[in-house]
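Report on the following structure.
The values are calculated or read from the model by the stated rules, or taken from the named source; none is laboratory data. These numbers come from a predicted model, not from an experiment. Cβ atoms come from the backbone with ideal geometry, glycine included; neighbour counts cover every protein chain shown. Note: areas computed on protein heavy atoms with side chains; ligands, DNA, RNA excluded. Shrake-Rupley method; radii C 1.70, N 1.55, O 1.52, S 1.80 Å.
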Amino acid sequence: MTDQTIDPISLEIMLNALRSVADETYNALTRSAYSTNIKERKDHSTAVMDASGRLVAQAENSLPIHLSSMAGLMRALLDKYPAGGIREGDIFVSNDPHVAGGSHLPDINLAMPVFVSGRCLAFVCNIAHHADVGGMVPGSVAGGMTEIYQEGLRIPAVKLFDQGVLVRDMFEILLLNVRVPEERRGDYNAQIAACRLGERRMQELAARHGPESIEAAFGEIILRTEKRLRRAVSEMPDGTYSFEDMMDDDGCENYDIVIRVTVRIEGSRISFDFAGTAPQTAGNINAPFNASHATLCYVLKALVDPDVPNNEGVLNVCEMIAEPGTLVNCIAPAPCAARANTCQRVVDVVIGALKDAMPEAVVAASNGANTAAVYSGTRPDSGEPYVYLETIGGGFGGRAAKDGTDGVQVHSTNTSNLPIEVLETEYPLRVSRYELVQDSGGAGENRGGLAIRRDVAPIGHVCTFSGQGERIRHAPWGLFGGSPGRTGRFALVRGDGTESRLSGKPMSVEVPPGVNVSAQTAGGGGYGTPEKRDAHHCREDLDSGKFSPEFMKRHYGIG
């Protein structure tokens, strides 16, 4: 590091230049990927790290849950490869949450050093969620898996490129252990291309400003972010605040699994203590420390300063206390494919804890799930295998100043939906229903957002369906007199309209042609008592068809 000082204007210029590098590599990865989960749904993130592994800049559209995973990868990489072991042209790959800083196996991490004048200046990193990484079930995220070995290929921090040369043996191992390897090859190549683009842009930036100025900017960006966020924390009321909620189940017949948090605020310091949270469980809803920590960073930012940059300074402020071996800080060999659902509940419990301290900032409970639907099978026209993965949004909770949003990804995940036209073009599947669910948002002065229903059927073949749902037993709660949102569900719907209810975490369900898998997410809870809702908004709800006359009569007294 350098003692060089940097003036505020130059620092802002370099901060935006670094953000531009992250954003450009993000867009390049989007445009180059093969799988719909990346090129359409944008389930990936990119970042710039300094030579010591600190996060400096993250792309604007990156996923909050990926924030800490990139830092975890760098810690594992730098521990394994001391000075001199990292060379120009190297690209490292990893995914394992227990030994390589990842958060679950489908998120493949790549990192490339940036050398200037023979010295490592920075790293450019990216994470992309691959639609399959092997394991016992297509898609690698199904409920019911009980140890990480069942979830797919575990990759420690290893070299995929050694001084610019592909380590072919390693790449062959990566591709041999997955379904649809050509699609995986395309996604890997997109990540590699994004790394190399980031390397070029960082070298151009160093040529323009000088490596010493860039290094000085790294430290100042992180320091000023931390100071800014601590100032925001100092404006929160001091005190101790607690809340608890429950996960529905773990897919292995363990139900009502408690997550409890105690938030302590003293001046500019804030800590999140998860004492009282359930031990890690048999099913794969366990969350590694990095995933839970990134979630805390997201919720703190959202509550006190949404515009603060995402970097190491945010990680420094969020103090997380959780015993190893618990649901939010699991240890090997705990399975954790569905860690995002648990992280969504972490958001809810923090918001619940701070509801009285920050009533104008908090929101009612949202969809609270990263509802996953995975369809796999053999294409009837070509005989080639396919795996289609999607996560489906739901209702956002009502807020102090406005209604919750209908049909969106919530909180720590911000992926896009997959358009019907793309789905039906790329897969032998047909979407028969894709709609907002009437009456699913909780009533309130500001109502909760509506859930989504998506019905999908295989065409000309039997497909296999696996899913991961939450807020199916425990409804998203309302705040300050608001009503809960409606729970979600999975079901098989036959041509005659009859339904068979599936579990909340179904594994390997065979679906014949013409039978629909109906995935319905949860709605958001309402905020404030329904009696205070503006009559004009009530009329809009009724006229739009989003809420039935019966619902409006029951909750608002109009019909």
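Give me the pairs, please: first residue somewhere in segment 414-435 and part of a loop (DSSP other than H, G, I, E, B), second residue anywhere and among the basic types (K, R) and open to solvent by 20 Å² or more (accessible area, probe 1.4 Å), beta-carbon distance under 9 Å, and either six or more positions apart or on two chains.
Qualifying pairs under 9 Å: N414/K42; T415/K42; S416/K42; Y427/R379; P428/R379.
Of the residues that make up segment 273-282, is at least one acidic (D, E), more than 15 Å from the chain's Cα centre (by Cα), more than 27 Å from A401 (Cα to Cα) and open to solvent by 10 Å² or more (accessible area, probe 1.4 Å)?
yes
Write out, first by first residue and then by second, each pair whose Cβ atoms fall under 6 Å of each other, whose residues are 6+ apart or on separate chains, and whose first residue, in segment 259-279, is at positive phi while the second is of a type in the set (S, T, Y) and surrounded by fewer than 18 Cβ atoms within 10 Å (Cβ to Cβ).
Sorted first by the residue in segment 259-279, then by its partner, the pairs are G267/S234.
For segment 18-54, give me the residue count where each residue is in a strand (DSSP E or B) and under 18 Å from the mean Cα position of the chain (by Cα).
Going through segment 18-54 one residue at a time, the tally reaches 4.
Under 6 Å by Cβ, and 6 or more places apart or on different chains, what pairs join a residue from segment 84-103 that is surrounded by 24 or more Cβ atoms within 10 Å (Cβ to Cβ) with one that is of a type in the set (V, I, T) and outside any loop (DSSP other than H, G, I, E, B)?
N95/I108
Restricting attention to segment 308-328, does a residue exist that is free of Cβ contacts under 8 Å to residues at least 12 places away in the same chain and over 25 Å from A142 (Cα atoms)?
No, segment 308-328 has no match at all.
Here are some residues: A128, A142. Which one is under 21 Å from P288 (Cα atoms), part of a loop (DSSP other than H, G, I, E, B) and in contact with a strand residue (DSSP E or B) (Cβ under 8 Å, 6 or more places away or on another chain)?
A142
Here are some residues: V462, V456. Which one is modelled with pLDDT of 95 or more, under 21 Å from S500 (Cα atoms) and open to solvent by less than 40 Å² (accessible area, probe 1.4 Å)?
Just one listed residue meets the conditions, V456.
Being touching a helix residue (DSSP H, G or I) at 6+ places or on another chain (Cβ under 7 Å), outside any strand (DSSP E or B) and open to solvent by 10 Å² or more (accessible area, probe 1.4 Å) is the filter here; which residues of segment 353-372 pass it?
Hits for segment 353-372 are M358, A361, N370.
Only one of these is open to solvent by 20 Å² or more (accessible area, probe 1.4 Å) and free of Cβ contacts under 8 Å to residues at least 12 places away in the same chain: L223, L166. Name it.
L166
So, in segment 332-391, of the ones that are farther than 30 Å from G481 by Cβ and hydroxyl-bearing (S, T, Y), which residue ends up farthest from the chain's Cα centre (by Cα)?
S382
Evaluate the following for Y375: is it buried (at least 23 other Cβ atoms within 10 Å of the Cβ), hydroxyl-bearing (S, T, Y), modelled with pLDDT of 95 or more and touching a Ser or Thr at 6+ places or on another chain (Cβ under 8 Å)?
Taking the combined requirement at face value, the residue satisfies it.
Could you check, for segment 128-148, whether at least one of its residues is surrounded by fewer than 22 Cβ atoms within 10 Å (Cβ to Cβ), of a type outside the set (A, V, I, L, M) and more than 22 Å from C463 (Cα to Cα)?
Within segment 128-148, one or more residues are surrounded by fewer than 22 Cβ atoms within 10 Å (Cβ to Cβ), of a type outside the set (A, V, I, L, M) and more than 22 Å from C463 (Cα to Cα).
Within segment 298-337, which residues are more than 19 Å from V349 (Cβ to Cβ), among the polar types (S, T, N, Q) and surrounded by fewer than 24 Cβ atoms within 10 Å (Cβ to Cβ)?
N316, the sole residue that qualifies.
Keeping to segment 494-540, report how many residues are more than 30 Å from A142 (Cβ to Cβ) and in a loop (DSSP other than H, G, I, E, B).
Residues flagged as more than 30 Å from A142 (Cβ to Cβ) and in a loop (DSSP other than H, G, I, E, B) within segment 494-540 amount to 5.
If you scan segment 62-119, which residues turn out to be within 20 Å of F289 (Cα to Cα) and among the hydroxyl-bearing types (S, T, Y)?
Answer for segment 62-119, where residues must be within 20 Å of F289 (Cα to Cα) and among the hydroxyl-bearing types (S, T, Y): S62, S68, S69, S94, S103.
Can you confirm whether segment 67-82 contains a residue that is at pLDDT 95 or above and aromatic (F, W, Y)?
So far as segment 67-82 goes, no, none of its residues is at pLDDT 95 or above and aromatic (F, W, Y).
Going through segment 497-512 one residue at a time, which ones are under 21 Å from N284 (Cα atoms), over 24 Å from the mean Cα position of the chain (by Cα) and touching a residue at least 40 places away in the same chain (Cβ under 8 Å)?
Answer for segment 497-512, where residues must be under 21 Å from N284 (Cα atoms), over 24 Å from the mean Cα position of the chain (by Cα) and touching a residue at least 40 places away in the same chain (Cβ under 8 Å): just V509.
Among the residues of segment 395-405, is there at least one that is open to solvent by less than 10 Å² (accessible area, probe 1.4 Å), under 27 Å from N61 (Cβ atoms) and in a strand (DSSP E or B)?
no
Please go through segment 458-493 and pick out each residue that is outside any loop (DSSP other than H, G, I, E, B), under 23 Å from V431 (Cβ atoms) and of a type outside the set (D, E, K, R).
Residues satisfying the conditions are P458, C463, T464, F465, S466, G467, Q468, F490, A491, L492, V493.
If the Cβ limit is 7 Å and pairs must be 6+ apart or interchain, which residue in segment 134-162 that is more than 18 Å from L110 (Cβ to Cβ) pairs with which residue that is in a helix (DSSP H, G or I) and open to solvent by 10 Å² or more (accessible area, probe 1.4 Å)?
Note: pairs meeting the criteria are G135/Q150; M136/Q150.
With G383, G449 as the choices, which residue is modelled with pLDDT of 95 or more and crowded, with 24+ Cβ neighbours inside 10 Å?
G449
Quick one: how many residues across segment 228-240 are in contact with a strand residue (DSSP E or B) (Cβ under 8 Å, 6 or more places away or on another chain) and not in a loop (DSSP other than H, G, I, E, B)?
The qualifying residues number 4.
Quick one: in segment 40-57, which of the residues that are open to solvent by 20 Å² or more (accessible area, probe 1.4 Å) and touching a residue at least 60 places away in the same chain (Cβ under 8 Å) is nearest to E199 (Cα to Cα)?
This residue is A51.
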